[in-house]
């Protein structure tokens, strides 16, 4: 059964869930919630299931978590940005830009 309440976002980006709704939904202070955007533009607020797991990958701590969205374009954009920055550093070395 789906339960819905109307809430608003304040000028600092915070949302307030009324106390009665918190009790009815089983929410308590300190719980972590995740905002998910659905395919039809709907937004869901879900309780985060447990703390994130940190994994050591060659001396770097990495969070092991379920992606909330398709990361294909995010990683592609980041890779393209890094390649562009690297190429720009060869074409326009910092000493030429600062000097």
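Since every read-out is calculated from the coordinates, none of them should be taken as a lab result. None of the values given here were measured: they were computed from a predicted structure. Glycine also receives a Cβ, built like all others from the backbone with ideal geometry; neighbour counts cover every protein chain displayed.
Tabulated values for the structure
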| item | result |
| --- | --- |
| Point-to-point label distance, residue 11-residue 64, nm (Cα→Cβ direction, 7 Å offset) | 4.5 |
| The chain pair-distance distribution - Cα-Cα, 5 Å bins, rounded % | 2, 8, 11, 14, 14, 12, 10, 9, 8, 5, 3, 2, 1, 0 |
| Theoretical FRET efficiency, 1/(1+(r/R0)^6), r = Cβ-Cβ of residue 36 and residue 85, R0 25 Å, to 0.05 | 0.20 |
| Degrees between helix 72-91 axis and first principal axis of the chain (Cα, 0 to 90, nearest 10) | 30 |
| Distant alpha-carbon pairs in the range 1-49 (separation over 14 angstrom), percent | 60 |
| For the chain: relative contact order, % (alpha-carbon pairs under 8 angstrom, 6 or more apart) | 11 |
| Gained length - residue 46 relative to residue 25, 0.36 nm times residue gap less alpha-carbon distance | 6.5 nm |
